[in-house]
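What follows is a single structure, written as structure tokens, with notes after it.
The values are calculated or read from the model by the stated rules, or taken from the named source; none is laboratory data. In this text the structure is predicted, and so the values were computed from the model without any measurement. Note that each Cβ is placed from the backbone with ideal geometry, even for glycine, and that neighbours are counted across all protein chains shown. Accessible surface is based on the protein model in full, side chains and every heavy atom, while ligands, DNA and RNA are left aside. Shrake-Rupley method; radii C 1.70, N 1.55, O 1.52, S 1.80 Å.
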Amino acid sequence: MTLSQTEVPMAAQKKNAASEKGQEKGQGKGNGSKNPSNLEFTRDQELQALHDMLLIRRFEEKAGQLYGMGAIGGFCHLYIGQEAIVVGMQMALKLGDQVITGYRDHGHMLACGMEAKGVMAELTGRHGGYSKGKGGSMHMFSKEKHFYGGHGIVGAQVSLGTGLAFANRYRGNDNVSLAYFGDGASNQGQVYESFNMAELWKLPVIYVIENNRYAMGTSVTRSSAQTDFSKRGISFNIPGEQVDGMDVRAVKAAADKAVAWCRAGKGPFILEMQTYRYRGHSMSDPAKYRTREEVDKVRHDQDPIEQVRNRLLAAKMTEQELKQIDADVREIVNAAADFAQHDPEPEAAELWTDVYR
């Protein structure tokens, strides 16, 4: 069963339930459009989205497995369930556009084109990792792929992403900066300072709020006075839009609109991606603040990968063809895991390199 075009993610259902008395939980209202033309994907786009989302899903599953084995230390925040957001956003970008995010970052790295083996090797602290084994899960960068982190300080990437947009404006190019952050980080003061500066100077930055409903473990209805995060920029005259973050087509359509706005010199744009993570905040989080039934319902009704699979099956693609795509992705991930467990650890002298003086 897939998400129909008249349903909204559970994030929106929760918000609507709070604002509409008597509304049953899980009975969210529709988005007013069954399937507008800008949500249609070609076969090639569907296949690209399926491959890229599967790569993130299988990578994160493997990372969780390696963490459980003790091969990955420290923190590890998985992106399982939210894959449609970063994949759909990347489909609207061009070479030179920049991406910056918080600590739930592996999916963003892979979507930007960073190699799975380099990301996994960083998770296991090996020399072949993107930060030479010194950064770990939350601190990876790739200037070549225009990925600027991976940041462990909640909300810090919003100010930095605004700075990337300022650099683009200063240089006179038409590049756009994407700053990803969550519903929890949305309440940080530096977020609003960034909003104000971005609108004052008409900076080309898209603020992508990945609203997975629970931040680190507290429901948005308990932590946020304004649960419609697309409205967070109203006092700064920044336009915003709520998006079904479980449908990669809806994400791509919204991304196209926001990117065009920024490239035209109109300033920043806010996209609230209504999504849902299947795992806890991190690998150490038992997620007791929600029920197993709630998680299972989202996976059954709204899974972003299953939506694409079902559309491809309806378009006469065979199960065997789809299984082959999954098998190819698993081969990439397994090779990355093997590399990450056998690549040498960095030498002690590596501690003295890449240090800002």
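Hey, does the stretch 81-98 have a residue that's among the acidic types (Asp, Glu), part of a helix (DSSP H, G or I) and surrounded by fewer than 19 Cβ atoms within 10 Å (Cβ to Cβ)? Scanning the stretch 81-98 turns up no residue that is among the acidic types (Asp, Glu), part of a helix (DSSP H, G or I) and surrounded by fewer than 19 Cβ atoms within 10 Å (Cβ to Cβ).
Scanning the stretch 200-216 for residues that are at positive phi and surrounded by fewer than 16 Cβ atoms within 10 Å (Cβ to Cβ) returns a single hit, 202.
Please verify whether residue 78 is buried (at least 19 other Cβ atoms within 10 Å of the Cβ) and closer than 21 Å to residue 286 by Cβ, treating the condition exactly as stated.
Working: buried (at least 19 other Cβ atoms within 10 Å of the Cβ): yes; closer than 21 Å to residue 286 by Cβ: yes.
Yes: the conditions hold for residue 78.
Out of the residues in the stretch 113-127 that are touching a helix residue (DSSP H, G or I) at 6+ places or on another chain (Cβ under 6 Å) and within 25 Å of residue 95 (Cα to Cα), which is most open to solvent (accessible area, probe 1.4 Å)? Across the stretch 113-127, the extreme among qualifying residues is 117.
Here's the yes/no breakdown for (1) on the phi < 0 side of the Ramachandran plot; (2) touching a Lys or Arg at 6+ places or on another chain (Cβ under 6 Å); (3) not aliphatic (A, V, I, L, M); (4) not in a strand (DSSP E or B):
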position	(1), (2), (3), (4)
198	yes, no, no, yes
226	yes, no, yes, yes
249	yes, no, yes, yes
252	yes, no, yes, yes
258	yes, no, no, yes
267	no, yes, yes, yes
272	yes, no, yes, no
289	yes, no, yes, yes
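Out of 311, 330, one residue alone is touching a Lys or Arg at 6+ places or on another chain (Cβ under 6 Å) and in a helix (DSSP H, G or I). It is 330. Tell me, yes or no, whether the stretch 251-269 has at least one residue that is farther than 20 Å from residue 169 by Cβ and of a type in the set (Phe, Trp, Tyr). No, every residue in the stretch 251-269 fails to be farther than 20 Å from residue 169 by Cβ and of a type in the set (Phe, Trp, Tyr).
Filtering 318, 291 for residues that are polar (S, T, N, Q), open to solvent by less than 80 Å² (accessible area, probe 1.4 Å) and farther than 20 Å from residue 51 by Cα leaves a single hit, 291.
Name the residue, out of 274, 302, 324, that is among the polar types (S, T, N, Q) and surrounded by fewer than 14 Cβ atoms within 10 Å (Cβ to Cβ). Can you show your working first?
Values: 274 fails: surrounded by fewer than 14 Cβ atoms within 10 Å (Cβ to Cβ); 302 fails: surrounded by fewer than 14 Cβ atoms within 10 Å (Cβ to Cβ).
The unique qualifying residue is 324.
Just for the stretch 155-184: of the residues that are of a type in the set (A, V, I, L, M, F, W, C), in a helix (DSSP H, G or I) and in contact with a strand residue (DSSP E or B) (Cβ under 8 Å, 6 or more places away or on another chain), which one is surrounded by the fewest Cβ atoms within 10 Å (Cβ to Cβ)? Show your work before the answer.
From the stretch 155-184, those of a type in the set (A, V, I, L, M, F, W, C) are 156, 158, 160, 164-167, 176, 178-179, 181; that's our starting set.
Add one more test, that the residue is in a helix (DSSP H, G or I), and what stays is 156, 158, 160, 164-167.
Narrowing the set further to residues that are in contact with a strand residue (DSSP E or B) (Cβ under 8 Å, 6 or more places away or on another chain) leaves 158, 160, 164-165.
Numbers: 158: 29, 160: 19, 164: 23, 165: 28.
So the residue we want is 160.
In summary, residue 135 fulfils each of the numbered conditions (1) under 18 Å from the mean Cα position of the chain (by Cα); (2) surrounded by fewer than 24 Cβ atoms within 10 Å (Cβ to Cβ); (3) not acidic (Asp, Glu) with the single exception of condition (1). When residue 297 is tested against (1) closer than 28 Å to residue 66 by Cβ; (2) open to solvent by 10 Å² or more (accessible area, probe 1.4 Å); (3) part of a helix (DSSP H, G or I), just one condition goes unmet, and that condition is (1).
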